[in-house]
Amino acid sequence: MAKVLVFIDNPGQALKKASLELLTIARYLGEPAVALIGELHDDVAATLGAYGAQMLYRPSAADLDDYLVGPKASYLAAAVHAADATVVLTENSAEAREIAARLGIKLGAGVITDVVAVDADGTAHKSVLAGSYITTAKATTPVAVLTVKANSITPEPAVTGTAPATVTVEVPETAPAASARITARNEKAASGRPELTEARIVVAGGRGVDGNFGPVEDLADALGAAIGASRAATDAGWIGHDAQIGQTGKTVSPQLYISAGISGAIQQKAGMQTATVIVAVNKDAESPIFEIADFGIVGDLFTVLPQATEEIKKRRG
Amino acid sequence: MEETLKIIVLVKHVPDAQFDRHLTGAGNTTDRSESILSELDEYALEAALQLIEARGGEAAGNRVIALSMGPAGAVNAVKKSLQIGASEGVHLSDDALAGSDAAATSLALAAAIRHLGADTPADLILTGMASTDGETSLVPAQLAERLDLPQVTFASSLELDGATLTARRDGDAHADTVEATLPALVSVTDQINDPRYPNFKGIMAAKKKTITTLSLADIGVDPAHVGRSGSWTAVESAEARPARTAGTIITDEGDAGIKLVEFLAAQKLL
Ligand SMILES: Cc1cc2nc3c(=O)[nH]c(=O)nc-3n(C[C@H](O)[C@H](O)[C@H](O)COP(=O)(O)OP(=O)(O)OC[C@H]3O[C@@H](n4cnc5c(N)ncnc54)[C@H](O)[C@@H]3O)c2cc1C
């Protein structure tokens, strides 16, 4: 049976949904093992067992977070050898993709990014050219490295859980030599809202909010949604850059995307046009966003959004 | 006197996203008929120019080399880079390169960079954060791995003090300050600067600049290691997604917020 190694970078106190998805896919492809960086909390260890992890690998070095990517890739390569894995699964974040990139070179392994589904034979499905094509691709090498987007599968625990053994993997000492060092880290405050790339609903605001994200936030909170933004809004400093959706921001595929005061430039559409349902609120009937909206409202977001928020609250009693 | 800088900027010729983009042929590769210099590479070019200008520019012996790998048309990306201000251009072009995935691309680019560094190695390799067609962001990290260079990717600011490079990298949970020693590989985001446009003077000056064409033989790469056959991944099928069409559009008559909620309820999205 194929050995599948799931890479989880600093799980913290509890596993993210995206990690549970990776474990579920791993079980479907073969026998799952986990390569971890960072502290292993009891709850996390128990969940990894419940999701069928047969082995847990941890690095011999504790300073991997002090460097940018290189040493993490070296550790992961060593873990792949230790696990004798033929498939490696990671999340699709910028950093995970870069670790996958370097791992691919170290192992002579094909890397496929932005994966949304994997067949039992390793064929990966992904969307390309800003969601205008769906492709299938396969690694032609003995080992395949896949970075999988969040919301690709419904996570399910294994029928029979395990109590995985923990093995320490030696990180090559040369690894940090040619690496950039992280000299300062500023943690960002957690918003309490769902994570943007994982959210089922996203409410996004653009230049049209004119510095006031209040109506967008209120609607998002009424819907339990994450908040997104166009580049015009992030460039103006009205909201953090990490909220940017689009070609140079995040790609989201939620069930519902509400676009408010965003014109719908091609670079913005690139990040949201695979949403299942798109709603647009914009004053200008000529805005390109209306070409792809399932429900479009030509109107002022400062009246439409608060009215919708009130109505949702009323219906919920 | 300060040391001079030799910077190689990778520039890619990509399909213009303003038009419909297509995959063609047996390998489902991107149709490049209406292509431009990848907008995201303009930020890398600008960053390179700012770094050398701070050290006296070309007059002081600093150089910015624009390097593009791609079919015949890709030379246009190099030309545009020269118009913007690069000192010289290099076009790596070989039929055997067609259909290369990130691994094969990084193999060829690494060999080209070594070739260009035979006399004086480059101090800095600069790239955009992603190509606007492949969008994988794999190539910069794979190049760093192949060249055994520190990678400073997704830099949203960049400073150089002697041989020490300091950059800011904006992540989801945290923003980091990153430090590396030259030589290094850096990819920059679109937050880093405002790229300049080519002006008349630049366009005229570009005509006098050299563009060197390199083949795989020139850089010592076996054609079997690149292209579709040398790639480590294969695209097996591609299906155009039906274009999204417009749905219902209403004009607010005072009750659009309520209609919006009715729509969401009907779609079972509440
Ligand atoms: C290399 C590159 C990368 C880029 N990457 C991205 C990216 O990742 N994401 C991104 O978003 N953009 C990106 N852009 C920028 C993109 O081209 C657009 O400039 C940007 O998306 C515009 O943002 P906007 O729609 O908020 O602003 P605008 O285009 O100015 O649109 C604002 C809209 O708000 C409407 N409006 C104003 N007031 C109201 C009101 N009270 N109620 C309702 N509607 C109102 C207006 O009618 C208008 O349609 C990129 C550009 C480049 C060159």
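The values are calculated or read from the model by the stated rules, or taken from the named source; none is laboratory data. Computed from a prediction, not measured in an experiment: that's the story for all the values here. No Cβ is skipped: glycine too gets one built from the backbone with ideal geometry, and neighbour counts run over all protein chains shown. What goes into the accessible areas is simple: the full protein's heavy atoms, side chains included, and nothing from ligands, DNA or RNA. Shrake-Rupley method; radii C 1.70, N 1.55, O 1.52, S 1.80 Å.
Of the residues that sit in the range A:196-206 and are modelled with pLDDT of 95 or more and within 15 Å of the ligand (Cβ to nearest atom), which one is farthest from B:Glu262 (Cα to Cα)? That would be A:Gly206. The residues of the range B:256-270 that are small (Gly, Ala, Ser) and either within 7 Å of chain A (Cβ to nearest Cβ) or under 42 Å from the mean Cα position of the chain (by Cα) (or both), listed by number, are B:Ala256, B:Gly257.
Might you check whether a residue that is closer than 13 Å to B:Leu67 by Cα, surrounded by 23 or more Cβ atoms within 10 Å (Cβ to Cβ) and within 13 Å of another protein chain (Cβ to nearest Cβ) occurs anywhere in the range B:141-149? No, because not a single residue in the range B:141-149 is closer than 13 Å to B:Leu67 by Cα, surrounded by 23 or more Cβ atoms within 10 Å (Cβ to Cβ) and within 13 Å of another protein chain (Cβ to nearest Cβ).
Evaluation of B:Glu159 against the conditions (1) touching a residue at least 40 places away in the same chain (Cβ under 8 Å); (2) open to solvent by 30 Å² or more (accessible area, probe 1.4 Å) shows that the sole unmet condition is (1). The set of residues in the range A:25-67 that are part of a helix (DSSP H, G or I) and not small (Gly, Ala, Ser) comprises A:Ile25, A:Arg27, A:Tyr28, A:Leu29, A:Asp42, A:Asp43, A:Val44, A:Thr47, A:Leu48, A:Leu64, A:Asp65, A:Asp66.
Picking from B:Glu253, B:Glu179, B:Glu239, which residue would you name as being free of Cβ contacts under 8 Å to residues at least 40 places away in the same chain and more than 7 Å from chain A (Cβ to nearest Cβ)?
Working: B:Glu179 fails: more than 7 Å from chain A (Cβ to nearest Cβ); B:Glu239 fails: more than 7 Å from chain A (Cβ to nearest Cβ).
None of the other options fit; the residue is B:Glu253.
Report the residue count in the range A:90-108 for those that are over 21 Å from A:Glu195 (Cα atoms) and surrounded by fewer than 24 Cβ atoms within 10 Å (Cβ to Cβ). Of the residues in the range A:90-108, 3 are over 21 Å from A:Glu195 (Cα atoms) and surrounded by fewer than 24 Cβ atoms within 10 Å (Cβ to Cβ). Scanning the range A:293-300 for residues that are open to solvent by 10 Å² or more (accessible area, probe 1.4 Å) and touching a residue at least 24 places away in the same chain (Cβ under 8 Å) turns up nothing. Residues in the range A:225-253 that are under 23 Å from B:Lys259 (Cα atoms) and either of a type in the set (Val, Ile, Thr) or at the interface with chain B (Cβ under 10 Å from one of its Cβ atoms) (or both): A:Ile227 alone. The residues of the range B:100-133 that are closer than 17 Å to B:Ile219 by Cα, open to solvent by less than 20 Å² (accessible area, probe 1.4 Å) and outside any loop (DSSP other than H, G, I, E, B), listed by number, are B:Ala103, B:Ala104, B:Ser106, B:Ala108, B:Leu109, B:Ala110, B:Ala111, B:Ala112, B:Ile113. Taking the listed residues A:Glu173, A:Glu195, the one that is more than 14 Å from every other protein chain (Cβ to nearest Cβ), open to solvent by 20 Å² or more (accessible area, probe 1.4 Å) and at negative phi is A:Glu173, with no other qualifying.
Scanning the range A:98-119 for residues that are within 7 Å of chain B (Cβ to nearest Cβ) and aliphatic (A, V, I, L, M) yields A:Ala101, A:Ile105, A:Ala109, A:Val111, A:Ile112. On inspection, A:Ala158 passes the criterion of being surrounded by fewer than 19 Cβ atoms within 10 Å (Cβ to Cβ) and either in contact with a Leu (Cβ under 6 Å, 6 or more places away or on another chain) or not in a helix (DSSP H, G or I) (or both). Show me the helices (runs of 4 or more DSSP H) entirely contained within the range A:207-290 in which 3 or more residues are more than 13 Å from the ligand (Cβ to nearest atom). Passing ranges, in order: A:214-223. Can you give me the number of residues within the range B:87-99 that are farther than 20 Å from B:Thr132 by Cα, crowded, with 20+ Cβ neighbours inside 10 Å and either of a type in the set (Asp, Glu) or touching a helix residue (DSSP H, G or I) at 6+ places or on another chain (Cβ under 6 Å) (or both)? Count: 4.
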